[in-house]
1. Find the strands (runs of 3 or more DSSP E) located wholly in the stretch 154-228 whose residues include 1 or more that are modelled with pLDDT of 95 or more and not hydrophobic (A, V, I, L, M, F, W, C), and list them.
2. Could you tell me which of the residues R105, R123 is among the charged types (D, E, K, R) and in a helix (DSSP H, G or I)?
3. Does R236 satisfy the criteria of being closer than 27 Å to L23 by Cβ, without any contact (Cβ under 8 Å) to a residue 60 or more places away in the chain and either surrounded by fewer than 21 Cβ atoms within 10 Å (Cβ to Cβ) or out of contact with any Asp or Glu (no Cβ under 8 Å at 6 or more places or on another chain) (or both)?
4. Are there any pairs, at least 6 apart or on different chains, whose C-beta atoms fall under 7 Å, with the first in the stretch 270-283 and farther than 21 Å from D203 by Cβ and the second part of a strand (DSSP E or B), and if so, which?
5. Scan the stretch 52-69 residue by residue and report those that are in contact with a Phe, Trp or Tyr (Cβ under 8 Å, 6 or more places away or on another chain) and either under 17 Å from E24 (Cβ atoms) or assigned to a loop (DSSP other than H, G, I, E, B) (or both).
6. Would it be correct to say that P285 is closer than 24 Å to Q212 by Cα and either at pLDDT 95 or above or not assigned by TED's automatic domain parsing to the domain that holds S222 (or both)?
7. Under 7 Å between Cβ atoms, which residue pairs at least 6 apart in sequence (or on different chains) link something in the stretch 201-220 that is within 22 Å of I246 (Cβ to Cβ) with a partner that is among the basic types (K, R)?
8. Working carefully through the options D157, D117, find the one that is over 11 Å from T44 (Cα atoms) and without any contact (Cβ under 8 Å) to a residue 24 or more places away in the chain.
Amino acid sequence: MEFLADLHVHSKFSRATARNLDLEHLYIAAQWKGLSVVGTGDFTHPAWFDEICEKLLPVGNGLFLLKPDIAKACDSEVPPACRRPVWFILVTEISNIYKKDGKTRKNHNLVFSPNIDIADRLRKSLGSIGNIESDGRPILGLDARDLLEVLLTVSEDNYLVPAHIWTPWFSLLGSKSGFDSVRACFGDLADHIFALETGLSSDPPMNRRVSQLDRYALISNSDAHSPIKLGRECNRFRGEPGFFTIRRALESKDPDAFLGTVEFYPEEGKYHYDGHRKCQHRLTPDETRSFSGICPKCGKPLTLGELHRAEELADRPGKDPVNGDPRL
C-alpha cells in the first residue's frame, strides 16, 4: 500500500502552539488530510509523554493507535469518506545551542524512537543533561554530534534527522549559525545520518542543486503548531506502515519504498527569500547582492534566506525562480 506520513509536528506543550494540539485533534486532522502516519512530537516533555502513554496503544510495528474508545469519540468529527486508520510514530524535536569552532551554533534535530521503553530511557538521559520540562521542544546546550551519540547509546534503533536544514536561525546549513556540511556538524558520527528534512521554504529542485545532499533521503513535513496545519508538507511511502518500514525506506533511499514528498510552495515559506520582516523588505539573492547584503531601509545586514544559502552551496546548474535563466 501507499501511505502519507507527516513526521514533524508539535504538541500543546510547545511554545506558540494551539491549545487543541492534542492526540485527538491530530487524529481527526490526519484523516481530513489523508495522512496515515503522524508524529507524536514532543515526547521528551513529561506531561505530553504521560498523555502518549495514557491514550495510545502500541501495535507491534513501532507505531501506535489511539485507544478505541477515544478514537470512536473522535470519528464523529470526520466525514465517513475520510475515515482511515491513523498510526502515530514517536518523535521529538531538540533545539541544540552550543559553541563549536569559535561560533555559536543553533540547530534543530528530530529524534525518532521505536517504542515507549526506549523513548523513556532517552528522555531520562536528556533530562540529566538539561531542562526538558519547560518546553515541548527542549533547548539543550549540547553539541548536535553529542546528541546523536546519546541517542545511539540508548539504542541503535533510534535515529536522528536534522530538521528544516536551510532555515537561517536554527538549522544544520542555515546562514546564521549552521555548517557547510553534515560532516562538519556531526563529525565521526556523520555516517549515522541518512535523511534530512528540507522544510517549507525550499523545494526539491533547489535542494538537488547541492550534490553533497545526494546521499541523503530528503523528507519534508508540516512542523505543525496547530492541527489545521498538519500535512501542508508530507512524505510518500510504499509498504505496510511501520517504524522500521519508514526507517529502511529512508536509509536505503529505495525509490519503490520512499516515493518522495508532497510540497508547499517554497515562496510561501517564512524564510525562502532574503530580507527583514520588520522592515517589510523581501529580496531575491541577486537583489541582496546588489545592496551588498545591507537592508536598504535600516542599514543593517540582511537575513539571508534559504534560496540564497542553497545557492552558496550549489555546485550544479538550476533555474532562477524569478527570471527562469540557468545559473550556478
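The values are calculated or read from the model by the stated rules, or taken from the named source; none is laboratory data. Every value quoted in this text rests on a predicted model; they were computed, and no experiment measured them. Using ideal geometry, Cβ is built from the backbone for each residue, glycine included, and neighbour counts are taken over all protein chains shown.
1. Working: elements: 159-162, 195-197, 217-219.
Correct list: 159-162, 195-197.
2. Details: R105 fails: in a helix (DSSP H, G or I).
R123 is the lone residue from the list that is among the charged types (D, E, K, R) and in a helix (DSSP H, G or I).
3. On the way: closer than 27 Å to L23 by Cβ: yes; without any contact (Cβ under 8 Å) to a residue 60 or more places away in the chain: no; either surrounded by fewer than 21 Cβ atoms within 10 Å (Cβ to Cβ) or out of contact with any Asp or Glu (no Cβ under 8 Å at 6 or more places or on another chain) (or both): yes.
It is false that R236 is closer than 27 Å to L23 by Cβ, without any contact (Cβ under 8 Å) to a residue 60 or more places away in the chain and either surrounded by fewer than 21 Cβ atoms within 10 Å (Cβ to Cβ) or out of contact with any Asp or Glu (no Cβ under 8 Å at 6 or more places or on another chain) (or both).
4. Note: pairs meeting the criteria are H276/T303; H281/G275.
5. The first filter runs over the stretch 52-69 and keeps only residues in contact with a Phe, Trp or Tyr (Cβ under 8 Å, 6 or more places away or on another chain), leaving 52, 56-59, 61-66.
Listed by number, the residues that qualify are I52, L56, L57, V59, N61, G62, L63, F64, L65, L66.
6. Numbers: closer than 24 Å to Q212 by Cα: yes; either at pLDDT 95 or above or not assigned by TED's automatic domain parsing to the domain that holds S222 (or both): yes.
Yes; evaluated as a whole, the condition is true for this residue.
7. From residues that are within 22 Å of I246 (Cβ to Cβ), the pairs are A217/K253.
8. Details: D157 fails: without any contact (Cβ under 8 Å) to a residue 24 or more places away in the chain.
Step by step, each of D157, D117 is checked, and only D117 is over 11 Å from T44 (Cα atoms) and without any contact (Cβ under 8 Å) to a residue 24 or more places away in the chain.
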